[in-house]
Every structure is written in structure tokens, then in C-alpha cells.
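Taking it in order: structure first as C-alpha cells, then the write-up.
The values are calculated or read from the model by the stated rules, or taken from the named source; none is laboratory data. The model shown is predicted, which means the values in this text are computed figures rather than measured ones. So basically every Cβ, Gly included, is an ideal-geometry build from the backbone, and we count neighbours across all protein chains shown.
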Amino acid sequence: MKYLAEYLEGERVVGFCLVKSKEAGVASNQSEYLNLELGDRSGSIMAKLWDVSPEIKDAIAVKGIVKIDATVQSYRGKKQLVIQRIRPASTSDEVEMESLIPISPVPVDELWEKLQKTVDGLQSKILQAIIREALADEEIHGRLRQFPAGVRMHHNYYHGLLEHIVSLLTAAERLLPLYPQVDRDVLYATCIMHDIGKLYELSDPIAPDYTTPGQLIGHLVMGVEIVSGICRKLDIPLGDAEVLHLKHCILSHHGEVENGWGSAVSGKTPTAVLFHYLDQIDSKMNALGQTLADAGEEEWAYAGVLRRKVWRGY
């Protein structure tokens, strides 16, 4: 099976795609057209559909699956599709969703096993109880095995958030021996819980967008609300030192407040400061890896996460 990223300019594409966004416009001849963002597990590509009938316009829905017959063209240095024919997929097409969305290269069960092993090894009974309660929640459990870590920037694929968490746990485990001033259990708990609010900040794992609560409150505060709710349920005092430390690490993990990256407070403990940089390293390296992979054999590629071009280096 050939995926969207593998097609070259001039080639014909016939296959199924996920509609990730849809925007209507009016051409100079007053006919309507659609700008579509289409995707499969290899990534996304912009597509143009000219002379759109009202029936087709209404039939194409965001997060819906369509079958296209299109040609790959180059527009401003990027590939795009010009669609000749399009129709919504039917149940008889038996399209597998996993072929339509980018997915973590690490199996979800392998990631989940590593996560559970870390939770079982926590020495703090309070932090262990909080995390076990979170993971036992049916909705959180299901979403964590599916949701990306973001819409576009890093780990933006199926169960990408879980991959991000486990990657952070691995990095934390290796660095802890160098920094005895860091609280081991709070650091591990922060790795697991720092982005738990994204399960509600983002709309879904297929074609995620930001929810209204996500835009009004943000995942840092939403994560702290989840922790506080669990503490109330388990009769854990909100003033407990480990609980306060965990919530501080969540609220400060985007770095200094004056940077304007969304932290509610700047890091005030060695654990909070270390976690911020761990999160930065893992998120940026994942994004850069995706940038270079998408660039193919190109020597230079623009990395949105850094807002500049990066060099492959070899």
C-alpha cells in the first residue's frame, strides 16, 4: 500500500484519506472550490477541489473518510493534490482507520507496560495512589492509549502522548543519578501527569482540535484540576507536600512565566526546573526527527518547532 507522503509530483493518487480540515472559497469565475487538508498514516497534504457542487460540499465532512482520484502538483515548493474526483467512503469500503492516521512506532501495549512498571515502583504511596486512580479511570485510560501529545508540534500522532510520557520516564531514570537534589518520585509523577489535561484540551485522537475548555483554561490548569479532584476523592490533603510539589511541577513545566509559554508559575524547585528541560528536549527532538524524516534527502528543512531551517548534518 502506498501512502500520501510517498507520491511524487505528477503522480496519480487513488485511495482513501481522512479529511482533517475543510475551507470553502470562491474563484474568480464565481464558482466555489474547497481547500482540504487530507491525511493518512504518513502525514498530511493540502488538496484543492475546483468547481464544487453543493452536494459534494455538504457530503465532505471534517473527520470523515473520502476516496479521491487526484494528481500531485507542486505549489510554492510544497506538494499538494488537485482532486479530479472525490466521494465519501461507505461501510462497504472497509477502510482501516490505522491506515489513515499517523501512529507511534512503538506498540501501545509495550508503552503501557513500561508506564505501569514505573507506577508500581514508586516509593511514595500518595503519588502512587493518585496516579493509579487516574489510570483506573475508564475515560483517562482509554484516551491515554489513543491521544496525541499535540495537534501539530510534537508526538502529534495516535498514542503519541503515551510515547512522550514513557520517553520522559526513560530520560528521567538515566539523569536522576547525576542530580541527587531532585525528588525521584515527584519527577516520575510529573512525567506521567504533566500533560494529563491534554486528554480534555484536545477534542479527539483522529483529527484533534482544541476544545472550548482547552482554549479557555489550558492543559496545565486542567491537569492540576484532575489531581485535586483525585485527592478529594481519596481523602488526600490538598496541602500535602508531595501533592503541592507535583502540582507546582505541572503548572511550571512550560518554563519561566515571563517567556509567555503558558506556565502559571516559574519553577521553584530542582525537580520542576529539571522537568521543564526534559520536556523541552523530548518534545523538540521528536519534532526535529519528524521534520528531517519528512524532508527526505533534502539537506535543509524548515522546523516549525524552532522557527528556522535545520541542517541534516551529513
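Would you confirm, using the coordinates I've provided, whether Lys22 is of a type outside the set (Gly, Ala, Ser), in the same structural domain as Ser92 (by TED's automatic domain parsing), touching a residue at least 60 places away in the same chain (Cβ under 8 Å) and within 29 Å of Thr91 (Cβ to Cβ)?
no
Table: residues versus (1) part of a helix (DSSP H, G or I); (2) at positive phi; (3) free of Cβ contacts under 8 Å to residues at least 60 places away in the same chain.
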site	(1), (2), (3)
Gly39	no, no, no
Asp51	no, yes, yes
Val62	no, no, no
Lys67	no, no, yes
Val72	no, no, no
Arg85	no, no, yes
Ser92	yes, no, yes
Trp112	yes, no, yes
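Residues checked against (1) within 25 Å of Gly296 (Cα to Cα); (2) in contact with an Asp or Glu (Cβ under 6 Å, 6 or more places away or on another chain); (3) modelled with pLDDT under 90:
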site	(1), (2), (3)
Met1	yes, no, yes
Gly10	yes, no, no
Gly15	yes, no, no
Lys22	no, no, no
Ser31	no, yes, yes
Ser44	yes, yes, yes
Lys48	yes, no, no
Ile60	no, no, no
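Which one of these does Gly43 not meet: (1) on the phi < 0 side of the Ramachandran plot; (2) in contact with a helix residue (DSSP H, G or I) (Cβ under 9 Å, 6 or more places away or on another chain)?
So Gly43 meets the others, but not (1).
How many residues, within the stretch 120-140, are assigned to a helix (DSSP H, G or I) and either of a type outside the set (D, E, K, R) or outside the structural domain of Ala241 (by TED's automatic domain parsing) (or both)?
The number of residues fulfilling the criteria is 10.
Restricting attention to the stretch 135-171, report how many residues are among the small types (Gly, Ala, Ser) and surrounded by fewer than 21 Cβ atoms within 10 Å (Cβ to Cβ).
3
Output the residue which, of all residues in the stretch 119-170 that are of a type in the set (Lys, Arg) and out of contact with any His (no Cβ under 8 Å at 6 or more places or on another chain), is farthest from Glu96 (Cα to Cα).
Applying the first criterion (of a type in the set (Lys, Arg)) to the stretch 119-170 yields 125, 132, 143, 145, 152.
This time we only want the ones that are out of contact with any His (no Cβ under 8 Å at 6 or more places or on another chain), so: 125, 132, 143, 152.
Numbers: Lys125: 42, Arg132: 32, Arg143: 19, Arg152: 23 Å.
Checked the stretch 119-170; the qualifying residue farthest from Glu96 (Cα to Cα) is Lys125.
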